[in-house]
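For reference, the structure is listed below as structure tokens.
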Amino acid sequence: MELDKYNIDIAALCETRFSESGSVDDLEYSFFWSGKPEGERREVGVGFAIKKDIVTKLTERPRLMLRSKVTFRIRQGKGQVSRPSSTQQNILPSAIGRALSRRWTVLSPNGSRRKAQHQMRNGQQVVYSTAKTYLGKPDRKHQDWFPNDQELQTLMSRRDQAHQRVLQTRTRSTTAAYKDAYRLLRKYTRALKSDWWERNAVELQGAAERNDMKGFYNGLKEVWGPKKKGPVHLKSTDGMETFSDSKRIVARWSEHF
């Protein structure tokens, strides 16, 4: 059993829910309990599990009372007590205290939960890094006008650093440096955006001239992004009724055109 596995001599038990007082012997331990009288609700019982090699040294079987009080009596033999007789009465409480201090310690739920969360985060990082290395990131169908441009990143970093210096120390020189960095960034982004629009316009015009409708609409999707399709609602001829059924919509179109 678990008590013998962890080499526990004496273990306190609570909520035993046995009536009266009694004991039962197992292979390695003897169990003693004390509860309420027969017929009353079985609750707040107490008990102890004691190793058999300790029980055999007792002159009497342990007696427990309901209010968590237990009494032991051991044999006093020659050479067993090395302390003065005045301190013999303190030997047993100290021995029991030392035995109870070597109790079974179990990890708290919070500690095990934190360990599980840490392992989960490590697993997520491993999966993400492996997928990024061997699969790469998915290509965006909706292209932005600002790609991963190194010059753009450099200008943004300079602008942020100049702004940070203005917040720390506002002087004419720091303010002028921030305005200059901000002006260069706006000039570069405007040129980048204009080139992107012109390049896409040329591609769309070429697809239209070649009568490549698939390439033309795919180019529009890359520029404007996917459209969210919602339900189509039409009104009847008199305008008193609104419907969204596909068959009625087709009939209404036929009626109108």
The answer for trypsin sites (Lys or Arg not before Pro) in the stretch 1-42 that fall in a DSSP coil and have at most 15 neighbouring Cβ atoms within 10 Å is ARG17, ARG41, ARG42
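Which order do the peptides 152-159, 19-26 come out in when sorted by mean C-beta neighbours inside 10 angstrom, highest first? It would help to have the intermediate numbers written out before the result.
Working: 152-159: 15.0, 19-26: 13.0.
Ranked from most to least packed, the peptides come out as 152-159, 19-26.
Considering only DSSP states other than H, G, I, E and B, which trypsin sites (Lys or Arg not before Pro) in the stretch 165-257 qualify as loop sites with at most 13 other Cβ atoms within 10 Å? Let's see the in-between values first.
Details: sites: ARG165, ARG170, ARG172, LYS179, ARG183, ARG186, LYS187, ARG190, LYS193, ARG199, ARG210, LYS214, LYS221, LYS227, LYS228, LYS229, LYS235, LYS247, ARG248, ARG252; in loops: ARG170, ARG210, LYS227, LYS228, LYS229.
Those that pass, being in a loop and sparsely packed, are ARG170, ARG210, LYS227, LYS228, LYS229.
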Treating cross-link reach as a plain straight distance, find the aspartates and glutamates whose alpha-carbon is under 17 Å from the alpha-carbon of LYS221, omitting any fewer than eight places away in the same chain. ASP139, ASP144, GLU198, GLU203, ASP212
Over 32 Å between alpha carbons, listed pairs LYS214/LYS247; LYS51/LYS115; LYS132/LYS187; LYS137/LYS229: LYS51/LYS115; LYS132/LYS187
Cα extents of the stretch 163-244 per principal axis, largest first, Å, are 70, 43, 17
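Coordinate-derived values only; no laboratory data. Predicted model only: the values in this text are computed from it and were never measured. When we count neighbours, we look across all protein chains shown, and the Cβ atoms used for this are built from the backbone with ideal geometry, even at glycine.
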